[in-house]
Every structure is written in structure tokens, then in C-alpha cells.
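Notes follow the structure.
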Amino acid sequence: MKHTLPLAALAAAVASLSFADEAAPAAAEAVAPAPGTIRMITEATFPPYEFRQGKEVVGIDVEICKAVAKELGKTLAVEDVEFDSVIPSLIAGKAELAAAGITVTEDRKMKVDFSHPYVRTGIVFIFAKDKPFDAEKAEEAKGKRVGVQNGTTSADYVREKLGQEPEMFDSPASAFAAMKAGKVDVVIADIDPAKAVIKGEPDYDISELLTVEEYAVAIKKGQPELLAVLNKVIDDLDASGKLDEIKDEWTAKAEAAAAAEEAAKPAEEAAKPEAAPAAE
Ligand code: GLN
């Protein structure tokens, strides 16, 4: 019988198993940022906080992190991953800042440190007007197929408040597309991306808030100096009125980007080749 696996490797393998949901194996891949750079990790399907404009990731969170980088005399590099990888990647050392419309929760506070909050918000139902859902009667969603983005507070809500497993998607927009295709009955998402998703969709609407949540920037625990810089930048942006300006500017830009995408759609459809006839 051969025992080729060294004990340390075995221990590491076991450790990575027990922390699989925190992506511990990724820790080995952590690399230092390029000199003069600070990295922000995000998930860019969340307008107006982060979305893609061409290849670039832009939005409110990017502007906040750019201000942090400036305060530190560095330039910002942005990395885009799935939402449920944002915090694990931060913990694994793949970025110094995580900003992705991340709600401050007790559970996350045990894993990372949060800046002062920069937005007060919450989650809503997104529903078809002929199948309405009401925040006051949220329990009516029990037993229905509820679509959410993976790893979000919306997913927590479905488990904790509705007592069931949500249907998981990789973005609020893909959950919404599934509802339009009849695959889920209702979607739950944060109100701002929810508003973006129903823009130009007259048959759909959103409910009142189901929760009150706050977004903050997350950093790896145990960095009081970085946390102090983060808080100073956010407090200054807030006090000077610049934070509101950033929010208004990027809300308008996200809307314009969505409208442009919408306008481009029929052209894309028309450009599609005819579907091949089904084989008999
Ligand atoms: N605010 C929600 C959360 O933190 C959703 C964030 C997101 O999908 N980007 O879970």
C-alpha cells in the first residue's frame, strides 16, 4: 500500500474541504497587486452600482473605490467574478477591496470588515402585473418558484422568510429572463437593479421593500489603517454631497446604457440567421 500524499498536503486538502464555500483552495493563487495598484473585486451585473460599458466595469461602486485608490496614491484595477465568489476571493487575497452592492450582514461581518455604509436600500419582488406580489403579503410567495441571484440576501430571504430553496441565477437580469420564459413565478432582487431590469418592460413591476439593507465596501479583516482610509473617503464623499452626485450620475448612465441596449435589440434579432428547420 502506498501513502504518497504528504501529511501537510492531506491536511490542506481536508481544510479546503471544510471551507469549500469560502473558496479556501483559491488562497494558494493569491498574488500581490501590480505596484501602485489597488484591486477591487466585484460582480458587474448590478446597475447602477457596477455594470459593463464595453469592456470596462463602471458604476457607483467603481467611483467609490477610485476615490479610495486616489486617497492612497494608487490606481484602481477592477476584477469581475460571480457574486458568490466576491467575498471568498477577497478573503483569499485576490483583491484588497470588495464592492458589489454588498449588504452588511451579521454572517458576513464574521468573515470580513465593512466600511461605513454608503447606501440604504433593500430587496423587492419583481413580478408580472397579471401575477402581482405584495411586500405586505410576502408569504403568498411560499410554494412559488422564486428566482434570485446566487449568494445574495434575496436568497437568504427565500430560505429564512419563505422557508424554501430559491431558484438560483447568476444575475438579477437572468432571473428576470427566466420569469419571462415562465420558468419562475416571481423574482427577488435589490431594488436598484430591479428597477433597471423592469425598465422598458410595461408588463412587469416591483413591490415595496421587503427588507432594509445597507451596502458597504468589504476588506479582509485586521487592517485598521485601510479601514480608516475607506471610512474617511466615504464620510468625505457623503459630507461634500459628492456621493449623491455619483449616485445620480451613474443611475442616469446605467439607464442610458440599458436604453441603448434595448434599442439595439431588434436589430440584433433581425440580424440573426433564420433558425434551421427541425430535422424530421
Ligand atoms: N445586496 C445583495 C447582497 O449583498 C445583492 C448584491 C449583488 O447581487 N451584487 O447579497
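The values are calculated or read from the model by the stated rules, or taken from the named source; none is laboratory data. Computed from a prediction, not measured in an experiment: that's the story for all the values here. No Cβ is skipped: glycine too gets one built from the backbone with ideal geometry, and neighbour counts run over all protein chains shown.
Just name the residue that is surrounded by the fewest Cβ atoms within 10 Å (Cβ to Cβ) out of those in the stretch 153-177 that are under 16 Å from the mean Cα position of the chain (by Cα) and of a type in the set (Asp, Glu).
170
Out of curiosity, is residue 234 under 20 Å from the mean Cα position of the chain (by Cα) and outside the structural domain of residue 165 (by TED's automatic domain parsing)?
It is true that residue 234 is under 20 Å from the mean Cα position of the chain (by Cα) and outside the structural domain of residue 165 (by TED's automatic domain parsing).
State which residue is surrounded by the fewest Cβ atoms within 10 Å (Cβ to Cβ) when the search covers only the stretch 200-229 and only residues that are farther than 30 Å from residue 93 by Cβ and more than 19 Å from the chain's Cα centre (by Cα). Talk me through it step by step, then tell me what you get.
Taking the stretch 200-229 first, the residues farther than 30 Å from residue 93 by Cβ are 200-212.
With more than 19 Å from the chain's Cα centre (by Cα) added as a condition, the list becomes 200-205, 207-208.
Values: 200: 14, 201: 14, 202: 7, 203: 10, 204: 20, 205: 16, 207: 22, 208: 12.
Result: 202.
Look at the stretch 40-59 and say how many of its residues are touching a residue at least 40 places away in the same chain (Cβ under 8 Å) and either more than 24 Å from residue 111 (Cα to Cα) or surrounded by fewer than 24 Cβ atoms within 10 Å (Cβ to Cβ) (or both). Spell out the reasoning first.
Step one: filter the stretch 40-59 for residues touching a residue at least 40 places away in the same chain (Cβ under 8 Å), giving 40-43, 45-51, 53, 58-59.
Retained after the next criterion (residues that are either more than 24 Å from residue 111 (Cα to Cα) or surrounded by fewer than 24 Cβ atoms within 10 Å (Cβ to Cβ) (or both)): 45, 47-48, 51, 53, 58-59.
The number of residues fulfilling the criteria is 7.
I need a count of the residues in the stretch 74-108 that are among the polar types (S, T, N, Q) and within 11 Å of the ligand (Cβ to nearest atom). Talk me through it step by step, then tell me what you get.
Pass one, the stretch 74-108, residues among the polar types (S, T, N, Q): 75, 85, 89, 103, 105.
Okay, now just the ones that are also within 11 Å of the ligand (Cβ to nearest atom), so 103, 105.
Going through the stretch 74-108 one residue at a time, the tally reaches 2.
Could you list, in sequence order, the residues of the stretch 170-205 that are touching a strand residue (DSSP E or B) at 6+ places or on another chain (Cβ under 6 Å) and free of Cβ contacts under 8 Å to residues at least 60 places away in the same chain?
Within the stretch 170-205, 175, 176, 178, 179, 184 qualify.
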